[in-house]
1. Rounded to whole Å, give me the distance from the Cα center of region 187-212 to that of region 328-401.
2. What ³J(HN,Hα) values, in whole Hz, does the Karplus curve 6.51 cos²θ - 1.76 cosθ + 1.60 give for region 384-391 when θ = phi - 60°, with x put for Gly and Pro?
3. If Lys and Arg each add +1 and Asp and Glu each add -1, what is the summed charge of the other residues whose beta carbon sits under 14 Å from the beta carbon of Gly26?
4. Could you calculate the FRET efficiency of Phe214 with Glu140 from 1/(1 + (r/R0)^6), where r is the beta carbon distance between them and R0 is 22 Å, rounded to 0.05?
5. How high is the relative contact order of region 145-335, in percent, counting Cα pairs under 8 Å that sit 6 or more residues apart?
6. Only Lys, Arg, Asp and Glu count, each charged at its Cβ (+1, +1, -1, -1), so figure out the dipole size of region 323-439 about its Cα centre, rounded to 20 debye.
7. Evaluate the Kirkwood expression for the hydrodynamic radius of region 388-448, namely the inverse of the mean inverse distance over all pairs of different C-alpha atoms, and round to one decimal in Å.
8. How many lysine pairs are close in region 312-438, with Cα atoms under 21 Å apart and the two 8 or more places apart or on different chains?
Amino acid sequence: MRASERQALTAMLNQAIAAGGGNVTGDVVRRAADGFGISTRTVHRHLKTMRDGGPATHTVRAGWWSDPQTRQLVLAAVASCDSLKQAWRRLHADKTITVSYPQFTRQYSDNIAPAVAAGLRGNGREDYLQMSLYLEDVPERPNTRWQADSQEVPVWVRPDNGTAPFKPWQVTFVDEATRMVMATILLPGPPGGEDAVAALAAAVRGFRTADGTFVGGIPQTIKWDNGTEFINQTVTAACLRLNIAPFPAAPYSPWQKGKIERWHRTIQTELYSHLPGASDGPRSFQGTEWWRGADTNLLPFSALVLKMQDWVVEYNTERVHSAIGCTPLTAWKAKATNVAQAAPQQLFPLMLRASSKRTVSKDGIRFEGRRYLAAGLAKYRGCKVDIRLLPLDGNTIYVFDGDDFICEAVPSGQLGTDERRTVVQQRHADWQTIKAAHERAAVVRAQTAVINAATAPPATKTATPTPSRPPYDAAGATGIFAESDALTDLLGDDDL
């Protein structure tokens with residue numbers, strides 16, 4: 001019997017003695033024997049020891065487990081042998097221990113913790129960690145620690161401009177305290193350092209929910225695995241720029257970032273497994289996916305992106321998380337205070353760059369099939385500029401002249417009233433500058449003509465005079481320099 005069992009048996013018998021006036025009936029002895037899995041003879045022997053004034057519990061004799069040096073020899077033998085019996089034979093042969101094998105196994109199980117035993121006889125650290133107890137470390141405040149990871153999406157899709165099916169990849173950042181998905185992006189291939197940095201920048205820049213709640217900011221630490229998309233100079237430089245402490249998990253230790261791993265399983269179960277082309281979906285008797293040969297049934301890559309984004313919004317705002325008992329948005333509202341936000345200048349170097357420069361035309365910048373416009377583009381008309389952007393943000397591009405920031409541009413249809421007024425006012429100001437310059441030029445030409453006429457030598461013969469340009473008359477001018485006509489041509493009827 002274990003020491004704890006002996007103590008429990010002693011307590012039970014003491015209660016029976018007190019209730020029976022010093023006597024213990026046979027029924028009590030039988031119930032004690034059945035309850036502890038021992039014989040009635042053992043119960044009587046234990047009861048006799050108690051009545052004779054002996055120890056209430058059995059005193060364990062000192063053995064190999066109580067001597068540190070012998071204990072280390074035993075543990076080393078167990079770790080180096082294939083079985084516990086082989087270790088006992090070796091220890092028994094060199095006289096390290098003298099007990100029988102049944103006694104040795106009983107002593108080993110009584111004095112060696114299961115986690116230590118698993119680590120000695122299995123794969124070492126991995127088996128020990130599997131059997132160990134863990135204290136859950138959950139931050140109380142949002143943005144204390146994020147978890148990040150990438151996965152190959154288990155769904156075959158077809159490219160928007162192509163025919164060969166492929167599996168996308170996904171990079172995700174999750175806040176540990178609230179389980180909020182800070183940012184997640186889909187990529188047509190395995191992610192690199194620039195993709196991870198762009199996703200991080202999108203998460204830090206944040207977003208606003210339908211009720212106006214800001215979600216984002218700079219985390220204190222980020223925990224991710226040792227994948228090359230995270231362990232590289234680009235990501236390290238981005239973390240240093242934002243004052244974030246990266247915290248790589250130990251190799252082959254997915255439980256150290258269990259929240260992002262659990263999120264992967266959730267989206268696979270609730271979204272990806274129900275889509276056409278799911279790699280874990282039905283197969284033929286030959287093991288071929290059902291969609292093979294009928295690729296038109298697959299979703300386009302852009303359609304998968306939209307479905308994923310809609311699901312993430314529902315996950316953040318409507319789905320109750322079992323671990324926290326509410327939606328991630330509710331937890332964020334309850335805990336998020338004084339969120340540290342990043343200045344736009346901090347995120348500029350982290351953004352994705354367009355593959356080529358774009359020319360600023362009269363209606364703005366054409367990028368990915370849309371026209372983007374901003375008041376700050378006026379003086380760059382006809383110039384080539386650089387475009388940077390954040391993932392999942394198709395409504396804003398960031399315009400640069402080399403590394404110098406110019407402005408943020410939005411689709412022309414989304415230009416606000418103030419921005420439109422600024423554009424019109426700038427065009428009016430430009431026209432006033434042009435008109436004043438022409439007026440001054442007309443005055444200079446008139447003065448020059450008078451001076452030339454006064455100082456010209458007498459003509460020896462009559463020559464056909466060269467018609468001179470008439471001076472500019474702002475009051476009665478017609479044609480291109482007429483104020484109303486020129487403004488109408490430049491600004492359009494709607495602007496006036």
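Throughout, read-outs are computed from the coordinates displayed, never taken from laboratory work. Not measured: the values here are computed from a predicted model. Cβ atoms come from the backbone with ideal geometry, glycine included; neighbour counts cover every protein chain shown.
1. After rounding, the separation between the Cα centres reads 13 Å.
2. These are the phi-based 3J(HN,Hα) values: 8, 10, 9, 10, 10, 7, 10, x Hz.
3. On the way: positive: Arg30, Arg31, Arg41; negative: Asp27, Asp34.
Taking every other residue near Gly26 into account, the sum is +1.
4. Values: r = 19 Å, r/R0 = 0.88.
Efficiency, rounded to the nearest 0.05: 0.70.
5. Working: 311 pairs, mean separation 45.3, N = 191.
It comes to 24 percent, rounded to a whole number.
6. Details: 17 positive and 12 negative charges, 55 e Å.
Here region 323-439 has a charge dipole of around 260 debye.
7. Values: mean 1/r = 0.0672 Å⁻¹.
It is 14.9 Å.
8. Numbers: Lys357/Lys379; Lys357/Lys384; Lys362/Lys379; Lys362/Lys384; Lys362/Lys435; Lys379/Lys435.
Step by step, the pairs that qualify in region 312-438 add up to 6.
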